[in-house]
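The values are calculated or read from the model by the stated rules, or taken from the named source; none is laboratory data. The model shown is predicted, which means the values in this text are computed figures rather than measured ones. Heads up, the Cβs are rebuilt from the backbone with ideal geometry, glycines too, and the neighbour counts pull from every protein chain shown. Surface areas here come from the heavy atoms of the whole protein model, side chains and all, with no ligands, DNA or RNA. Shrake-Rupley method; radii C 1.70, N 1.55, O 1.52, S 1.80 Å.
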Amino acid sequence: MMKRLLVALAILTIAGCTRKSDESGQGQFFATANGSVEFQFPAGWFKSKEDNPYDLQCFSKHERMTTGVFLFAKEDLAEDFTARELFEKQIGDLKSKRKNFKVLEEEQKVLLEKKTLTTIVFSGEKGSSKYYYKFTLVEFAENPEMSLVVLQVAIPSYWTKHKPILEEITKSGRVRVGEPREKR
């Protein structure tokens, strides 16, 4: 009897040490560096351990797709600098570093219950490869003092089949309740 209890306790301890999963066990949540926002990623995606400019960067299992998140506090921006201008600046920065940077999908704005997503998709070339770049400005109704720019990158042969996965990742972004709202 004591042996069973110890085995059960060991299993519960190990289960409690895994990364935070959704109720279905099909994915996990990863938070930005300051812990104020999190996104749900499918099983197999992993958080980058390398130095990078993002507040959160995750890769698909075979690294054919990536999601990078920049978090900005309104108080850190110039008084007359809007979230939209921030979004355009991020797009312009990548455009300056790519060849044949063209709009692939026109801008779309989606209003969800607690946030607004403004998305535009580009194609561009880096070295000998072509990529699709999905930029999304995320504005939270519950925390208008914070804006996110999400950059998702995929190779064209993955785009059609896996685009819904990237969209779901972006839609899953949420402010973590009770977590610190540290600045970038």
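Computed quantities for the displayed model
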| read-out | value |
| --- | --- |
| Residue selected from the stretch 30-54 under the condition hydrophobic (A, V, I, L, M, F, W, C) and part of a loop (DSSP other than H, G, I, E, B), by the criterion nearest to Q152 (Cα to Cα) | W45 |
| Answer from K97, K89, K130 - the residue that is surrounded by fewer than 17 Cβ atoms within 10 Å (Cβ to Cβ), in a loop (DSSP other than H, G, I, E, B) and modelled with pLDDT of 95 or more | K97 |
| Residues of the stretch 55-72 satisfying the condition of being outside any strand (DSSP E or B) and touching a Ser or Thr at 6+ places or on another chain (Cβ under 8 Å) | D55, S60 |
| Checklist (1) at pLDDT below 90; (2) open to solvent by 50 Å² or more (accessible area, probe 1.4 Å) applied to E63, failing item | (1) |
| Matching residues in the stretch 148-173 - criterion: being under 20 Å from V110 (Cβ atoms), open to solvent by 20 Å² or more (accessible area, probe 1.4 Å) and either free of Cβ contacts under 8 Å to residues at least 12 places away in the same chain or part of a helix (DSSP H, G or I) (or both) | T160, H162, K163, P164, I165, E167, E168, K171 |
| Criterion (surrounded by 16 or more Cβ atoms within 10 Å (Cβ to Cβ) and either within 20 Å of G173 (Cα to Cα) or out of contact with any Ser or Thr (no Cβ under 6 Å at 6 or more places or on another chain) (or both)) met by exactly one of V103, V110, V37 | V37 |
